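Encoded as structure tokens, the structure appears first; notes follow it.
The values are calculated or read from the model by the stated rules, or taken from the named source; none is laboratory data. Because the structure is a prediction, the values reported are computed rather than measured. No Cβ is skipped: glycine too gets one built from the backbone with ideal geometry, and neighbour counts run over all protein chains shown. For accessibility, only protein heavy atoms count, side chains too; no ligands or nucleic acids. Shrake-Rupley method; radii C 1.70, N 1.55, O 1.52, S 1.80 Å.
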Amino acid sequence: ADIRVAMSGTPVENRLSDYWSIFDFVNKGYLGSFNAFNEEFAKPIHFNHDMARVEHFKRITAPFLLRRLKTDKSIISDLPDKVESNYYSSLLHDQAALYQSIVDQTIAQIEGSEGIERKGLVLKLMITLKQIGNHPYQYLRQGNKEIEQSGKSQLLAELIESITESGEKVLVCTQFKEMGDLLTQFVTRITQMPPLFLHGGCSRKQRDEMVDKF
């Protein structure tokens, strides 16, 4: 191709070298070889927090980047300001017991491990606790699927009832596909109407139809 363009919502995924991969595709050789980039930018910035390197990196990449920010009114002047309302829910008794049990078990494993195994256990624990906080069934894959088994689900039910009674539309987001399946059941029960569930397994045609219907 004579012209190449890369689009990304997150230019830096996990490490600065991701930036190099994108640039090497659209403007090959501009940031040097992979090893040279690591020595000149990635290591000083990541390990030493070298702000001089950061500023230099920003200057040499800026001419090739077009970045849109939600706060930029020149992009869309009629975009209303975001209003955040935070709601907090407590774990129910069985949820809390399961949560504490998993914490105790995993902490014992973490204390007896090191290196990459230790990091893996910490990451696994974080994901597990998110799942239990959503609904015990999401973690256990068995047992009671009812809304009443999760404090978070109960709060969600109250919010959805209030929103739908007001005739408003609502988007409910989750990072877990299996929680989305549960939410579909919950919303159907609350509203007596099956919701649209858009996820990575949907075809382009299905996605378009859901967006249009919404």
| field | Set of lysines with alpha-carbon distance to K145 below 21 Å, sequence-local pairs under 8 removed | value | K130, K177
| task | Among the lysines, select those whose C-alpha is under 30 Å from the C-alpha of K58, and discard any that sit fewer than 8 residues away in the same chain. | result | K28, K43, K70, K73, K82
| field | Per residue, the convex hull volume that the Cα atoms of the range 1-111 enclose (Å³) | value | 236 Å³
| query | Where the accessible area of the range 65-214 is counted over protein heavy atoms with a 1.4 Å probe, how much of it, in %, is carbon and sulfur? | reply | 53 percent
| query | Expressed as an acute angle from 0 to 90° and rounded to the nearest 10, what is the orientation of the C-alpha long axis of helix 204-213 relative to the principal long axis of the chain? | reply | 60 degrees
| query | By how many degrees, between 0 and 90 and to the nearest 10, does the Cα long axis of helix 115-134 differ from the longest principal axis of the chain? | reply | 40 degrees
| task | With 10 Å bins from zero, work out the P(r) of the chain over every alpha carbon pair and list the percent per bin. | result | 6, 20, 23, 26, 21, 5, 0
| task | For E148 paired with K169, estimate the spin-label separation in nm (one decimal), with each label point 7 Å from Cα along the Cα-to-Cβ line. | result | 3.4 nm
| message | Given a 1.4 angstrom probe, what's the average accessible area per residue across the chain, in square angstrom? | response | 75 Å²
| Full-extension gain in nm, L79 to E158, via 0.36 nm per residue minus C-alpha separation | 25.6 nm
| Residues in the range 44-85 that a label on S8 would reach, taking backbone N under 17 Å of a point 7 Å out along Cα→Cβ | 45-46, 54, 57-69
| task | Taking the Cβ of P44 as the centre, find all other residues whose Cβ is under 10 Å away and add up their charges (Lys, Arg: +1; Asp, Glu: -1). | result | -1
